[in-house]
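Some notes on the structure that comes next.
The values are calculated or read from the model by the stated rules, or taken from the named source; none is laboratory data. These numbers come from a predicted model, not from an experiment. Here the Cβ positions follow ideal geometry from the backbone for every residue, glycine too, while neighbour counts run over all protein chains shown.
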Amino acid sequence: MSKLVMVIDDSATVCKIIETCLGREGFDVKTFSDGVEAVRWLTEPQSPIPDLVLLDIELPKMDGYEVARRLKTKQRFHDTVIVMLSRRDGVIDRLKGRLVGAKDYVSKPFKTQDIIAITQMYL
């Protein structure tokens, strides 16, 4: 069974690039353009639990920090790896990501090889 990677990013281009590159590597990819939509989908009892979430910080309606915090407070997502994905590349942003449960941080713009490598590293 292939691993499920969830991408939450308001850029349709970023979602498509990641979906394509990880799909070629054999991962199942589910994308969302905002945090509210993603959290709503994840809280449905029949929704599969993602193995990894690539999560943008700057999202409409609910930012990435809040999405991560909500996921990490639920026991069913305890083993889900969260990787922040953002243009913000400061020490404070990285620290805030760690505090809400993110394991790693990828700065935009990124190379598809970086996304593949970090996904394979955690999965």
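Numerical summary
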{"read-out": "Single condition Leu54 does not satisfy, out of (1) in a loop (DSSP other than H, G, I, E, B); (2) closer than 19 Å to Val5 by Cβ; (3) in contact (Cβ under 8 Å) with a residue 24 or more places away in the chain", "value": "(1)"}
{"read-out": "Of the criteria (1) charged (D, E, K, R); (2) modelled with pLDDT under 95; (3) buried (at least 17 other Cβ atoms within 10 Å of the Cβ), which one Glu44 fails", "value": "(3)"}
{"read-out": "Filtered residues of region 1-24 (kept if out of contact with any strand residue (DSSP E or B) (no Cβ under 8 Å at 6 or more places or on another chain), touching a residue at least 40 places away in the same chain (Cβ under 8 Å) and surrounded by fewer than 17 Cβ atoms within 10 Å (Cβ to Cβ))", "value": "Ile17"}
{"read-out": "Enumerated helices (runs of 4 or more DSSP H) restricted to region 63-123, each holding at least 1 residues that are over 11 Å from the mean Cα position of the chain (by Cα) and farther than 22 Å from Ile17 by Cβ", "value": "64-72, 91-99"}
{"read-out": "Where a residue in region 28-48 is in contact (Cβ under 8 Å) with a residue 40 or more places away in the chain and its partner, wherever it lies, is aliphatic (A, V, I, L, M), with Cβ under 6 Å and at least six apart", "value": "Pro48/Leu4"}
{"read-out": "Hits in region 10-22 - residues which are closer than 14 Å to Phe110 by Cα and either touching a Gly at 6+ places or on another chain (Cβ under 9 Å) or among the small types (Gly, Ala, Ser) (or both)", "value": "Ser11"}
